[in-house]
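A quick write-up on the structure given underneath.
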Amino acid sequence: MKKILLIFVAIALVMGTFSCKKPAQKLIGTWGRNVNNIDYVITFSDGGTYTATAGNDSWSDTYSVSGSQITIHSGDCYSDGSYGFSVKGKTLNFATISDGCEGRNEVISGDWSKK
């Protein structure tokens, strides 16, 4: 009986190890939020690109991740923006580290919902 229990515990530990996503993998997918009555949607792809929409406008660019920090490259701004991020369930939260683009900072910082 102890052997069977140990086997189940070992299997559970191995499955848990392989099912844990790295922070960057948790970003992959489509997220949305509303800021000042405008719906924003951003889709992060596995290859380091993103597409975003705000109303009828859309754009795409690249991003990079190091640990739990994301750098959004350019977009509609002339400089990159860096944010800390965390994913809990279906909520993605961005916290500004540095971003000289006020408009982008206002939109990105805060909670996003998984679509």
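The set of residues in the range 78-101 that are exposed (fewer than 12 other Cβ atoms within 10 Å of the Cβ) and hydroxyl-bearing (Ser, Thr, Tyr) comprises Tyr78, Ser98.
Evaluated against (1) outside any strand (DSSP E or B); (2) among the basic types (Lys, Arg); (3) modelled with pLDDT of 95 or more, Lys21 falls short on exactly one condition, (3).
Any residue in the range 47-72 that is more than 16 Å from Phe85 (Cα to Cα) sitting within a Cβ distance under 6 Å of a residue that is part of a loop (DSSP other than H, G, I, E, B)? List the pairs, counting only those 6 or more apart or interchain. The qualifying pairs are Asp61/His73; Asp61/Ser74; Asp61/Gly75; Thr62/Gly48; Thr62/His73. Of the numbered criteria (1) surrounded by 13 or more Cβ atoms within 10 Å (Cβ to Cβ); (2) within 16 Å of Ala24 (Cβ to Cβ), the one Ser66 fails is (1).
The values are calculated or read from the model by the stated rules, or taken from the named source; none is laboratory data. The shown structure was predicted, so the numbers you read here are calculated from the model rather than taken from an experiment. Every residue, glycine among them, receives a Cβ derived from its backbone with ideal geometry; neighbour counts consider all protein chains shown.
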